[in-house]
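Just below is one structure, and these are the notes that go with it.
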Amino acid sequence: MPKKEIGKFSVSYMQILDETGKVDTKLEPKINNKDLLAMYRWMVLSREADQRMINMQRQGRIGTMGPSTGQEAAHVIPAYLMNEKDWFVGAFREAGARLVRGETIAQALLFYNGFEEGNKKPKEYRTLPVSIIVGAQTLHAVGIGYAVKYRGEKDTAVVTFMGDGATSEGDFHEALNFAGVWQAPVVFICQNNQWAISLPRHKQTKAETIAQKAIAYGIPGIQVDGNDPLAMYVASKEALDRARSGGGPTFIEAVTYRLMMHTTADDPKKYRTEEEVDEWKQKDPLPRFQKYLEGKGIWDAKKEEALVNEIKSEVDAAVKEFEDLKELPAEACFDHVFGTKHVDIEEQRMEFLDDQKRGTDNA
Amino acid sequence: MPKMNMVQAINLGLFQEMSKDDSVVVLGEDVGVDEGVFRVTAGLLEKYGEDRVIDTPLAESGIFGTSIGMALAGLKPVCEMQFSGFSYLITHQLEGHASRFRSRSQGDWTVPLVVRMPYGGGVRAMEHHSESREALYATIPGVKVVIPSTPRNARALIVAAVRDPDPVIFMEPKRSYRAFREEVPEEEEVMEIGKAQVVHEGDDITVISWGAMMRPTIQTVDKIGEKLGKKVELIDLLTVSPMDSITITESVKKTGRCVIVQEAPKNMGVASEIIARINDKVLMYLEAPVKRVTNYDVVTPYFGRETNYFPTPDRIYRAIEETLNF
Ligand SMILES: Cc1ncc(C[n+]2csc(CCOP(=O)(O)OP(=O)(O)O)c2C)c(N)n1
Ligand SMILES: [Mg+2]
């Protein structure tokens with residue numbers, strides 16, 4: 001019985017637009033100007049909305065929120081490449097992608113202010129609500145992928161997001177395994193932002209890359225500079241094409257960085273240095289994309305200023321829309337417990353309404 | 001005696017148990033460098049080092065399953081679920097293994113460990129950060145479920161939990177973490193798990209609660225005394241399972257009336273079990289039906305609607321008044 005090598009695996013890394021704005025022209029995708037400008041706009045809008053929400057949380061105008069600042073390229077670009085038929089199965093740090101998918105900023109504000117109505121969306125959008133249980137949504141994506149295949153739906157992909165921390169959960173591994181076995185049309189995008197609250201990436205897994213985890217499940221995997229919009233474009237497009245054409249799942253590790261706190265309830269100074277954050281600020285996807293557009297002669301300081309002003313008013317308007325909302329009915333929690341009416345729930349609804357009416361008559 | 005809040009009190013209990021017994025280890029998400037998202041494990045890493053205070057990968061089943069192994073090998077793990085809403089990932093290891101090793105091996109193998117988890121609402125947090133699911137764990141034989149309500153009993157009970165020979169689910173009412181301070185003795189204080197506490201005595205009616213609902217209940221009971229001149233016997237359950245039937249039934253025997261205040265939904269709650277026990281043992285002493293003030297049987301609403309969803313002091317007041325007047 002000879003002992004011999006029976007498998008050999010490698011992991012690729014892709015970067016096309018580096019942090020200084022230099023482009024690898026051999027890998028550079030052909031994207032028309034309209035799309036380039038649209039993607040950039042979504043990223044700027046996402047950043048502005050994020051920053052505004054942090055301020056609003058600080059002022060007590062909304063509850064806890066988790067910023068996605070710094071990760072815009074990693075989630076806006078794949079969302080931009082998705083079609084109407086594709087499914088979006090997100091986690092909680094893809095705010096920009098949700099905007100691309102048609103969620104409004106006013107809705108996001110409602111969500112962060114503690115109202116389920118912030119999740120409401122016509123089913124045709126094929127965009128599931130925020131999933132807070134880390135990793136759980138990846139399995140849902142694979143089930144949806146199975147259903148897409150079962151129904152023989154053509155040209156349809158399922159895109160699911162998770163963080164580096166999520167790759168430690170059992171659900172994540174089960175999802176990759178099922179996707180591989182079923183050859184489900186799923187694109188897994190891991191936003192490796194280097195931190196899971198206070199746990200650094202190197203303590204999350206001993207593996208050198210997260211991308212290599214795909215190998216164990218027989219799925220193509222790649223590590224991409226997640227702050228490089230062009231690399232994200234190429235990798236996402238390839239994965240989406242594969243899924244839509246019956247080629248099965250793909251795993252993308254998008255290497256990025258969470259520039260802000262985990263949520264507004266978190267204090268990152270407890271576990272990471274300012275120097276590290278500053279270092280990553282140099283790799284910020286927004287200025288990088290801006291430089292690229294300038295290099296192509298389709299962007300300049302004047303256009304930037306106009307865009308920033310336009311987006312500021314857009315966010316202002318969304319905040320106003322949110323704050324002008326009339327009060328939502330308190331008893332809405334009784335409306336969607338089951339799809340069928342049950343006497344217990346209706347009885348409790350009446351008790352609840354009665355209690356609201358009586359208020360503090362004994363106080 | 002120094003005054004402290006519940007976070008500091010549990011922290012003190014952990015500190016002291018770790019210094020006494022080097023088999024005690026703490027593990028979980030963000031419990032080390034970050035000192036726990038509520039800072040309950042503050043200072044432990046610095047004092048006891050990485051081998052005893054472990055920042056684990058993000059996996060609840062992993063945290064709990066390895067804790068079972070540690071306990072089988074003689075360590076005493078105190079593991080943390082960052083929020084009880086993420087603890088359902090441990091249920092297969094809890095029901096399937098932690099609760100069963102003792103009986104499966106006829107006492108040869110035991111799993112003395114503690115699972116700490118902040119539970120309950122009232123802190124304006126996101127989905128999964130507000131539920132009260134003690135009943136879920138209380139249905140599993142072989143598992144103890146402890147819920148403190150004040151800094152002092154939290155400290156005395158975490159010590160008892162660490163020393164207990166069985167798996168203990170230790171549910172911390174996060175709303176009470178920093179809500180008030182209380183004198184907590186520096187020197188060792190241990191309370192017995194499985195015992196309820198009569199917080200104050202009275203003859204007219206028994207009122208039972210636990211965890212975060214103790215605060216609004218105490219305030220209401222005071223008001224009942226002032227306004228109606230009635231003497232309430234107030235019981236803090238402290239251990240949900242195994243339940244202290246004796247303290248409950250002895251009290252109801254005396255008062256003949258009882259109201260139970262529970263943060264969790266009504267259906268299959270701990271209050272239901274208390275009523276069943278009263279029914280079993282002291283039905284003939286009752287002068288009024290036992291009332292429960294609970295949450296509704298709806299999916300825990302996001303925080304925008306949570307205030308009205310909890311048992312309010314007004315609902316508690318009305319329930320007590322109606323039971324007194326029955
Ligand atoms: C199952 C589960 N455990 C714990 C948490 C609490 N929690 C929320 S986010 C988070 C870290 C997630 O890290 P990562 O997957 O890297 O995503 P990121 O927050 O960095 O985007 C934790 C521990 C949770 N939401 N779900
Ligand atoms: Mg992360």
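The values are calculated or read from the model by the stated rules, or taken from the named source; none is laboratory data. Nothing here was measured: the structure is a model prediction, and the numbers come from that model. Note that each Cβ is placed from the backbone with ideal geometry, even for glycine, and that neighbours are counted across all protein chains shown. The area values use the complete protein model at the heavy-atom level, side chains included, leaving out ligands, DNA and RNA. Shrake-Rupley method; radii C 1.70, N 1.55, O 1.52, S 1.80 Å.
The number of residues in segment B:139-163 that are surrounded by 21 or more Cβ atoms within 10 Å (Cβ to Cβ) and part of a helix (DSSP H, G or I) comes to 11.
Against the criterion of being of a type in the set (Lys, Arg), modelled with pLDDT of 95 or more and either open to solvent by 70 Å² or more (accessible area, probe 1.4 Å) or in contact with a Lys or Arg (Cβ under 9 Å, 6 or more places away or on another chain) (or both), A:Lys283 does not qualify. Checked across segment A:264-285, the condition of being more than 29 Å from A:Met14 (Cα to Cα), within 14 Å of chain B (Cβ to nearest Cβ) and among the β-branched types (Val, Ile, Thr) holds for at least one residue.
List the strands (runs of 3 or more DSSP E) that sit entirely inside segment A:182-262 and contain at least 1 residues that are within 16 Å of ligand 1 (Cβ to nearest atom), assigned by TED's automatic domain parsing to the domain that holds A:Met39 and closer than 28 Å to A:Gly152 by Cα. Steps first, please.
Details: elements: A:186-192, A:221-225, A:250-255.
In segment A:182-262, the matching strands (runs of 3 or more DSSP E) lie at A:186-192, A:250-255.
Among the residues of segment B:295-312, the ones that are open to solvent by 20 Å² or more (accessible area, probe 1.4 Å) and more than 7 Å from chain A (Cβ to nearest Cβ) come to 3 in all. Within segment B:54-106, take every residue that is more than 14 Å from chain A (Cβ to nearest Cβ), in a helix (DSSP H, G or I) and polar (S, T, N, Q) and give me the one that is most open to solvent (accessible area, probe 1.4 Å). In this case the residue turns out to be B:Ser103.
Name the residue that is farthest from the other protein chains (Cβ to nearest Cβ), counting only residues in segment B:109-128 that are of a type in the set (A, V, I, L, M, F, W, C) and in a strand (DSSP E or B). Reasoning before the result, please.
At the first step, the residues of segment B:109-128 found to be of a type in the set (A, V, I, L, M, F, W, C) are B:109, B:111, B:113-115, B:117, B:123, B:125-126.
Now narrow it down to the ones that are in a strand (DSSP E or B): B:114-115, B:117.
Numbers: B:Val114: 22, B:Val115: 17, B:Met117: 15 Å.
This residue is B:Val114.
Here is a list: B:Ile224, B:Ile278, B:Ile248. Which entry is more than 23 Å from A:Ile345 (Cβ to Cβ), within 14 Å of chain A (Cβ to nearest Cβ) and open to solvent by less than 10 Å² (accessible area, probe 1.4 Å)? On inspection, the qualifying residue turns out to be B:Ile224.
Among residues belonging to segment A:108-138 that are away from every other protein chain (no Cβ under 12 Å) and under 16 Å from the mean Cα position of the chain (by Cα), point out the one that is surrounded by the fewest Cβ atoms within 10 Å (Cβ to Cβ). It would help to see each step written out before you state the result.
Step one: list which residues in segment A:108-138 are away from every other protein chain (no Cβ under 12 Å), which gives A:108, A:120-128, A:137-138.
Filter again for under 16 Å from the mean Cα position of the chain (by Cα), leaving A:108, A:125-128, A:137-138.
Working: A:Ala108: 23, A:Tyr125: 13, A:Arg126: 19, A:Thr127: 22, A:Leu128: 17, A:Gln137: 25, A:Thr138: 28.
Here the residue is A:Tyr125.
Kindly indicate which of A:Asp335, A:Asp355 is facing chain B (nearest Cβ under 10 Å) and open to solvent by 70 Å² or more (accessible area, probe 1.4 Å).
Numbers: A:Asp355 fails: open to solvent by 70 Å² or more (accessible area, probe 1.4 Å).
That would be A:Asp335, the only listed residue that is facing chain B (nearest Cβ under 10 Å) and open to solvent by 70 Å² or more (accessible area, probe 1.4 Å).
Of all residues in segment A:172-206, those being more than 16 Å from ligand 2 (Cβ to nearest atom) and open to solvent by 20 Å² or more (accessible area, probe 1.4 Å) number 8.
Among residues of segment B:255-274 being buried (at least 17 other Cβ atoms within 10 Å of the Cβ) and part of a helix (DSSP H, G or I), the one that is farthest from the chain's Cα centre (by Cα) is B:Thr255.
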